[in-house]
Amino acid sequence: MAGEEGKFAVGVEDASEKQAREGRSVFLRWLLFYLVCLAGIIGLTWLAPVVPLDPWISNEAAPALGGFLIPFASFLVPVFCIRRVPHRQRKLAWQLLLPLVIGSVLGFVAQGAGEDSALKERGRWGEAKIVAVENDKSNKTRKCTLRKPNGQKVAPELKEGDGCEDGVGRGEVVRVRYDPEGVASPDGESWKPGSYGVVIAVLGTVFVGFGMWGSMRMSRQDQ
């Protein structure tokens with residue numbers, strides 16, 4: 001009888017150790033996943049304006065991937081990773097919605113930090129003439145097309161909030177900080193390098209923290 005109780009106790013200990021190992025494995029797997037997502041979001045959106053690549057890559061492809069597709073993947077992967085629970089019985093962890101939103105915000109902030117870095121490193125001050133204004137009489141963001149005194153276009157357009165305000169119109173000459181490579185968005189005369197480190201660190205921590213919380217919660221449902 002004592003022997004049977006001993007075997008039962010050993011079996012319980014083995015099961016507990018196995019469960020603990022599986023828990024650590026799941027934890028490390030999700031931690032690695034969200035750290036990779038975090039690195040992808042910050043890396044793509046920050047490096048896009050800093051590294052002067054093709055404008056389509058820097059201004060459209062990289063921000064779309066880092067600011068939308070990767071945050072969306074951080075939500076979809078945990079949801080569709082569940083195999084044992086039938087689809088109709090799956091309970092979505094509300095915590096997974098926050099990384100989806102925060103990841104997009106983080107991408108936007110990191111892109112702003114990258115543009116500031118690009119303007120700080122290779123930006124130049126100069127005067128430019130406004131030759132066209134987009135969305136002048138609509139609720140959309142205003143954009144001003146600029147040209148230097150020699151007729152060369154300053155790309156991309158100057159955005160509302162960076163110097164293309166309601167009081168600025170076609171034909172006016174403005175002083176801007178622009179990127180000779182045409183990758184980072186130009187900024188107005190009041191431009192100063194911003195400080196994004198603390199905001200990025202907080203958003204990144206919340207992104208990983210809530211992603212881990214929701215993923216671990218759904219993983220426990222799967223066991």
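The values are calculated or read from the model by the stated rules, or taken from the named source; none is laboratory data. Since this is a predicted model, take the numbers as computed values, not measurements. Methodologically, a virtual Cβ is constructed for each residue, glycine included, from the backbone with ideal geometry; neighbour enumeration extends over all protein chains shown. Accessible surface areas use protein heavy atoms only, side chains included; no ligands, DNA or RNA. Shrake-Rupley method; radii C 1.70, N 1.55, O 1.52, S 1.80 Å.
Worth pointing out:
- Across the accessible surface of segment 137-190, with the other protein chains kept in place and a 1.4 Å probe, carbon and sulfur atoms take up 39 percent.
- Asp54 sits with roughly 80 Å² accessible to a 1.4 Å probe, with DNA, RNA and ligands left out of the calculation.
- Surface accessible to a 1.4 Å probe, Ser195 within the full protein complex, Å²: 110 Å²
- For segment 89-223, lysine pairs with C-alpha atoms less than 17 angstrom apart, excluding pairs fewer than eight positions apart on the same chain, total 11.
- Within the assembled protein chains, the solvent-accessible surface assigned to Lys153 is about 100 Å², based on a 1.4 Å probe.
- Placed amide H near Ser185: partners under 5 Å, 5+ positions off or other chain: none
- Rg and Dmax [Cα atoms of segment 144-220; Å; Rg one decimal, Dmax integer]: 20.0, 65
- For the set Trp30, Trp56, Trp213, the ranking by accessible area, highest first and with no ligand, DNA or RNA atoms included, is Trp56, Trp213, Trp30 under a 1.4 Å probe.
- For segment 133-155, backbone nitrogen atoms closer than 15 Å to the point 7 Å from Arg170 Cα along Cα-to-C-beta are found at 133-138, 143-147.
- 3J(HN,Hα) along segment 137-145: 10, 9, 7, 6, 5, 6, 9, 10, 8 Hz, from the Karplus curve 6.51 cos²θ - 1.76 cosθ + 1.60 with θ = phi - 60°, whole Hz, x for Gly and Pro.
- Radius 13 Å from Cβ of Glu127, net charge of other residues (Lys, Arg +1; Asp, Glu -1): +4
- The packing ranking of peptides 145-151, 174-180, highest mean first, is 174-180, 145-151, where packing means the average number of other beta carbon atoms within 10 angstrom of each residue.
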